[in-house]
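Working notes, beginning with the structure itself.
No value in this document is a laboratory result; all are computed from the given coordinates. Quick caveat: nothing in here was measured; it's all calculated off a predicted structure. Every residue, glycine among them, receives a Cβ derived from its backbone with ideal geometry; neighbour counts consider all protein chains shown.
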Amino acid sequence: MRHSKTLFASALTLGLAIQPMVAHAADTLRVVTTIHPLSLLTRAVAPDNIEITTLVPAGASPHTYQLRPSDRRALANADLILWVGPQMETFLEKLMSDPALAPRVQALTPPKIVEAAHEHLHEDDEKDDKHDEHEHDREHGHHHHDGVDPHVWLDPTIAATMAETIRDRLTAIDPDDAETINQRLSAFEQALKQKDADLKSQLSDMDRVDLFTYHDAFRRFAEHYGLHVAEALTITPEQTPGARHLSEVQETLAAADTPCLLTEPQFNRNWWHGLTQNVDVTITTWDPLGSDVPVTQDGYLNFQQALADSVLSCLPE
């Protein structure tokens, strides 16, 4: 009897140890995403019975976020963990390489973007040999971690690739729902193409507007739709920029024919108000995280429309 109890206890312990790694058909699959746009992309592809949890709450920023105990529990219990990658969620870089989590973690920045950024950064490093340290700080301070602009989810073309990666991981852990997942991906891709065409038409008159952003996060959306980002108020959103940079921004603002300042709800700071004094500038808000967009099957499409609406509000009446 004692030997049987020992075997039972050992089997129970082993079962609990591997439970987070195994998806059972009768259980609800748990997907944890770091930011809201990844939840929108996941819901576009995932069946309704898959549970999606977002770590960074509305109003917070992945640039400054710190994990709570509840976040760590959600990560430990997840069947799949989706993040943009170490270029964005720097607070998770060490944790995501933990052997207990790594098999369930998927970075969604396409590898070709990371590779291209590394090559560009290497070229910049070679050029830096010809500059002193001051020039390097002034000219190359705009680089993100590893030289990558991490706001990849803003570009609908890249988002489609991210959705395909999500599909691949979901079908691997939930093969019984593979047909549904593939059907939803196909429907999403078709709807995204139509939304993309609609937004290109809506934004066709925006070439006469000079956009100024709070921090350098808007360029992927802007470049996709041919918008002009004249300047970012701050290179690093966690810090107030230096006097020289602010002076340059103010001069660019004053010289622009139709300037529009896009602020962000995650960084509600007032230091920039002085830049707009005596300048005829439209001020509006855009949310790179789409925090107010419901997580529905068409949520990412609504998110893209919300981005476009923010820009369209810059047009003179």
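What you get for the range 225-275, charging only the Cβ of Lys and Arg (+1) and of Asp and Glu (-1), is a dipole of about 120 debye around the Cα centre. A convex hull fitted to the Cα coordinates of the range 170-293 yields 137 cubic angstrom per residue.
Peptides 189-195, 82-88, ordered by how many other C-beta atoms sit within 10 Å of their residues on average, highest first, read 82-88, 189-195. Modelled label positions at Arg73 and Asp257, each set 7 Å beyond Cα in the direction of Cβ, lie 5.8 nm from each other. For Ala217, neighbours were defined as the other residues whose beta-carbon sits under 10 Å from its Cβ, and their charges (Lys and Arg +1, Asp and Glu -1) total -1.
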